[in-house]
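The values are calculated or read from the model by the stated rules, or taken from the named source; none is laboratory data. Because the structure is predicted, anything quoted here is derived from the model rather than measured. Reconstructed Cβ throughout: ideal geometry from the backbone, glycine too, with neighbour counts over all protein chains shown. Note: areas computed on protein heavy atoms with side chains; ligands, DNA, RNA excluded. Shrake-Rupley method; radii C 1.70, N 1.55, O 1.52, S 1.80 Å.
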Amino acid sequence: MSTVILTTVGTSLLGNIARAGIGKENTSEIREYIYQDPAKASAETNSLSRILAEGDRVELLHSDTEDGRWCAEWVATYLREKGFPTEMFKVQGLAYEAKGFVDYGLRQFVQLLAGRIRQTRREGRSAAINATGGFKAEIAYATALGLVFKVPVYYIHEKFGDIVTLPPSPFGWENNLIAWNTDFFDWIDTELRPTAEVRSRVGGLPTEISLLLEEMPDGYTVLSPLGQAYLEAFRGELEQAQTTPIYLAPKAKRTWEGLEPATKERYRKLLERLRLPNRAASSELKSGGGDALGFPKGRTDERVFYAEKDGALYVFALTHHGPEYERMCQEGFYWRDYSPQDFTLLDK
């Protein structure tokens, strides 16, 4: 399968031609310089020449500066002439000004890179991150995104000049903090929120959320770049998980169809979370035993009883705390009481 190589772009080409005595306006000399020794010309052409394989596509993420755009255009020209489809993306706000860089540019970089990973997966292609060029902070957050999205990350080792590969992490990351507080994370990510309002809202939430926030000097609080990375990774997981089919038993279907819109929305979000691959950690076998697990453990008033079979989820009941819930916990649910045709695919 071909790969989309998501590449951060810096300005090494500009510095290298300057040291070679070539001006920015000397296009023929620049072209010759790049083609003569791509490994020497820039960090991007150096790393890509070692990574790219036939059929790969390159996406260049460059800073919001004239120098960044100029370097990206030359790298793109070289790659296209070599037969690799190449597209350029500007990271809004990623510039040399310290305040904009920290408060806005890095978060925009995280959002853009995460969005390109998700789009690549929608297209049925694999993604890899080439984090050789750009600001050092870009490289750090690109590496973090590679770990949470489980895509390989490449970069050139400065001392040895060799490609270093960080393979996709075999371990999952804990997404429960975001999964069970999506309303807050979606709220703060929608627009700038005054710090006082954020402090009021976050007061009743887990204290760990504060570690993913950043108070800005102008009186607003936003997600930190790391917080943005975790949120984007969670959204990617949630998007992929929605392909898991859910089937409703007759009782669950009747309950679903009779719900008021606001209540149905709460159950819809709960079923979205049920599809996440780490659902077992938030599930438990109730006292009555049986084949169904209760989900989730002690987080919301809404509850479901479900079982997993052949890559699909089967929901036996939608319920909430109260006498009926306690009765279901004691009685349990068993496959022997159902046949496959009893279950109906949940409409999205």
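I'm checking my understanding of the structure. Among residues of region 315-348 that are hydroxyl-bearing (Ser, Thr, Tyr) and open to solvent by less than 20 Å² (accessible area, probe 1.4 Å), which one is farthest from residue 251 (Cα to Cα)? So, considering only residues that are hydroxyl-bearing (Ser, Thr, Tyr) and open to solvent by less than 20 Å² (accessible area, probe 1.4 Å), the one farthest from residue 251 (Cα to Cα) is 325.
Look at (1) outside any strand (DSSP E or B); (2) in contact with a strand residue (DSSP E or B) (Cβ under 6 Å, 6 or more places away or on another chain); (3) of a type in the set (Asp, Glu) and you find that residue 73 fails only one, number (2).
Scan region 266-281 and give yes if some residue there is surrounded by 17 or more Cβ atoms within 10 Å (Cβ to Cβ), under 33 Å from the mean Cα position of the chain (by Cα) and farther than 20 Å from residue 240 by Cα, otherwise no. No, every residue in region 266-281 fails to be surrounded by 17 or more Cβ atoms within 10 Å (Cβ to Cβ), under 33 Å from the mean Cα position of the chain (by Cα) and farther than 20 Å from residue 240 by Cα. Inclusion of residue 288 among residues that are among the small types (Gly, Ala, Ser), part of a loop (DSSP other than H, G, I, E, B) and either out of contact with any Pro (no Cβ under 6 Å at 6 or more places or on another chain) or more than 28 Å from residue 174 (Cα to Cα) (or both) is warranted.
Of all the numbered requirements in (1) at pLDDT 90 or above; (2) assigned to a helix (DSSP H, G or I), residue 64 misses one, and that requirement is (2).
Out of all the residues in region 170-229, which are open to solvent by less than 50 Å² (accessible area, probe 1.4 Å), among the small types (Gly, Ala, Ser) and outside any helix (DSSP H, G or I)? 219, 224 - these are the residues of region 170-229 that are open to solvent by less than 50 Å² (accessible area, probe 1.4 Å), among the small types (Gly, Ala, Ser) and outside any helix (DSSP H, G or I). Residues that are open to solvent by 10 Å² or more (accessible area, probe 1.4 Å), over 25 Å from residue 119 (Cα atoms) and either hydrophobic (A, V, I, L, M, F, W, C) or assigned to a helix (DSSP H, G or I) (or both) within region 230-259 comprise 250, 251, 253, 254, 255, 256, 257, 259, listed in sequence order. Residues satisfying the criterion are present in region 89-98 (criterion: in contact with a Lys or Arg (Cβ under 8 Å, 6 or more places away or on another chain) and at pLDDT 95 or above).
When the residues of region 321-348 are filtered to those that are outside any helix (DSSP H, G or I) and modelled with pLDDT under 85, which remaining residue is nearest to residue 269 (Cα to Cα)?
Step one: of region 321-348, the residues outside any helix (DSSP H, G or I) are 321-322, 332-334, 338-339, 343-348.
Still in the running and modelled with pLDDT under 85: 321-322, 347-348.
On the way: 321: 17, 322: 21, 347: 14, 348: 11 Å.
Filtering region 321-348 for residues that are outside any helix (DSSP H, G or I) and modelled with pLDDT under 85, the one nearest to residue 269 (Cα to Cα) comes out as 348.
Does region 99-110 contain at least one residue that is outside any helix (DSSP H, G or I) and either open to solvent by 50 Å² or more (accessible area, probe 1.4 Å) or not acidic (Asp, Glu) (or both)? Taking every residue of region 99-110 in turn, none turns out to be outside any helix (DSSP H, G or I) and either open to solvent by 50 Å² or more (accessible area, probe 1.4 Å) or not acidic (Asp, Glu) (or both). Scanning region 1-54 for residues that are assigned to a helix (DSSP H, G or I) and farther than 16 Å from residue 71 by Cα turns up 36, 49, 50, 51.
Here region 37-70 is the region considered, the condition is being out of contact with any strand residue (DSSP E or B) (no Cβ under 7 Å at 6 or more places or on another chain) and among the β-branched types (Val, Ile, Thr), and the residue that is farthest from residue 90 (Cα to Cα) is 45. I'd like to check something: does region 301-314 contain any residue that is buried (at least 16 other Cβ atoms within 10 Å of the Cβ) and farther than 13 Å from residue 248 by Cα? Taking every residue of region 301-314 in turn, at least one turns out to be buried (at least 16 other Cβ atoms within 10 Å of the Cβ) and farther than 13 Å from residue 248 by Cα.
For (1) in contact (Cβ under 8 Å) with a residue 24 or more places away in the chain; (2) surrounded by fewer than 18 Cβ atoms within 10 Å (Cβ to Cβ); (3) over 21 Å from residue 140 (Cβ atoms), each residue gets a yes or a no:
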position	(1), (2), (3)
12	yes, no, no
26	no, yes, yes
36	no, yes, yes
48	yes, no, no
60	yes, no, no
64	yes, no, no
68	yes, no, no
88	yes, yes, yes
94	yes, no, no
